[in-house]
1. I'm told Ile20 meets every condition in (1) closer than 24 Å to Pro77 by Cα; (2) surrounded by 14 or more Cβ atoms within 10 Å (Cβ to Cβ); (3) more than 11 Å from the chain's Cα centre (by Cα) except one. Can you identify the failing condition by its number?
2. Every residue in region 16-37 that is under 21 Å from Ala49 (Cβ atoms) and either touching a residue at least 60 places away in the same chain (Cβ under 8 Å) or among the β-branched types (Val, Ile, Thr) (or both), please.
3. Determine, yes or no, whether Leu31 is under 13 Å from the mean Cα position of the chain (by Cα) and either among the aliphatic types (A, V, I, L, M) or within 16 Å of Pro77 (Cα to Cα) (or both).
4. Out of Arg87, Arg46, Arg75, report the one residue that is among the basic types (Lys, Arg) and closer than 22 Å to Ala33 by Cβ.
5. In region 48-63, what residues are under 20 Å from Leu28 (Cα atoms) and either small (Gly, Ala, Ser) or surrounded by fewer than 13 Cβ atoms within 10 Å (Cβ to Cβ) (or both)?
6. In contact with a Leu (Cβ under 9 Å, 6 or more places away or on another chain) and buried (at least 16 other Cβ atoms within 10 Å of the Cβ): does that describe Ile7?
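Each reported figure results from applying straightforward, stated rules to the coordinates on display, with no laboratory input. Treat the numbers as computed from the prediction; the structure is a model and nothing was measured. Glycine gets a Cβ as well: all are built from the backbone with ideal geometry, and neighbour counts include every protein chain shown.
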Amino acid sequence: MRVTVPIAVIAVAVRGGAIIGVAIKLLLPGLAAAPECRRRFENEARSAAALNHPNIVAIHDSGEERGVPFIVMERLPGNTLADLVSRGALPQPAVRVHGHEKVPICGQ
């Protein structure tokens, strides 16, 4: 059995008590010191920033603050994948599988 371990957390940005239109992805502090995880996170930021498509969130900024790498991205309205899955199986049209390649996760 394979266990998936999160490598990042998404935070909703707030200014003056109001939610603003960006989300911030933060590499977990314990992984920020791991060179491979850091490299992959930075590559993700650069790769995603180079893309422009209506089905891909826009990347506004990336960098590091107090030793923690971050990616600032467009915040989209609606439910998260976790919200949808918690309600039960997704309807078949909502599920698409693209390939069967196993990708190693940082820290595993």
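1. Condition not satisfied by Ile20: (2).
2. Ile20, Val22, Ile24, Leu31, Glu36, Cys37 - these are the residues of region 16-37 that are under 21 Å from Ala49 (Cβ atoms) and either touching a residue at least 60 places away in the same chain (Cβ under 8 Å) or among the β-branched types (Val, Ile, Thr) (or both).
3. No.
4. Numbers: Arg87 fails: closer than 22 Å to Ala33 by Cβ; Arg75 fails: closer than 22 Å to Ala33 by Cβ.
Sole residue among the options that is among the basic types (Lys, Arg) and closer than 22 Å to Ala33 by Cβ: Arg46.
5. Within region 48-63, Ala48, Asp61, Ser62, Gly63 meet the criteria.
6. Yes: the conditions hold for Ile7.
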